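**Q** Quick one: this structure, given as structure tokens, is what I'll be asking you about.
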Amino acid sequence: MIEYTWDADKEAENVRRRGIDFNEAKSVHLDYWRIEIPDELHSDDEPRTLTIGVSHRDRCLVVATSYRDPESPRIISARRARSANEMNTNNEDDDLDRVEFDFSRVRLVNRPRSPVGFGIVIDGAVEYSLRLIPSNKILGRFASAREAWPAVLAAVERGMPAKCLVLDWHWANGRRGRVTSGRLLVLTARSGLGLDVAQPRMRKAG
């Protein structure tokens with residue numbers, strides 16, 4: 001049985017700075033739909049991961065965990081999941097925020113699949129758009145995220161790299177934000193259409 005451990009002083013500091021104790025952070029590892037990302041920047045001395053999931057307090061958290069001892073993982077830090085804009089304008093979380101991650105290695109621990117599919121709803125959004133980066137060309141506009149899933153898969157089939165695709169939400173006042181992007185967007189689109197999320201080999205552009 002895996003037993004999570006942590007340093008009491010680090011937990012106290014995390015509570016002071018972010019209002020999250022490590023018992024709550026530990027519960028994120030029990031979230032059935034959690035996502036794990038290898039944290040290679042901080043893995044020189046020990047393997048680390050970032051786990052994104054919902055805690056027993058119903059808060060979406062990002063938890064950094066060390067796996068030096070796989071039978072006794074150590075919680076390093078935890079914070080609320082935030083938007084990319086918030087992360088880029090807040091410098092206080094050096095261990096979690098100002099990092100480039102290889103999202104091609106994102107692992108959905110229990111990959112969702114529904115025979116009828118699903119969508120993602122952002123409160124207040126009146127429209128969703130599929131954007132190509134770095135050109136920011138709009139590939140399509142949709143009344144719901146679910147309507148965007150076929151366009152995402154069609155773009156990949158045409159040879160567009162998954163890392164260049166971004167799904168945005170739009171409010172009536174002109175504000176927009178990112179729903180998801182890259183490989184995770186493609187996985188979500190496949191699952192959202194009720195398809196097997198095991199991806200076929202993607203064709204290279206050109």
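**Q** What is the Cα centroid distance between region 166-190 and region 1-40, reported in whole angstrom?
**A** 27 Å
**Q** Using the Karplus equation 6.51 cos²θ - 1.76 cosθ + 1.60 (θ = phi - 60°), what ³J(HN,Hα) coupling, rounded to whole Hz, does each residue of region 24-39 give in order, writing x for Gly and Pro?
**A** Ordered by residue, 3J(HN,Hα) equals 5, 4, 4, 5, 4, 5, 9, 5, 4, 9, 4, 10, 10, 10, x, 9 Hz.
**Q** Quick query: amide H of ILE76 versus all other amide H atoms, modeled in the peptide plane; which residues come in under 5 Å with a sequence gap of 5 or more or a different chain?
**A** ALA64, THR65, SER66
Read-outs throughout are calculated quantities, based only on the coordinates presented, and are distinct from any laboratory measurement. Since we're looking at a predicted model, the values are computed, not measured.
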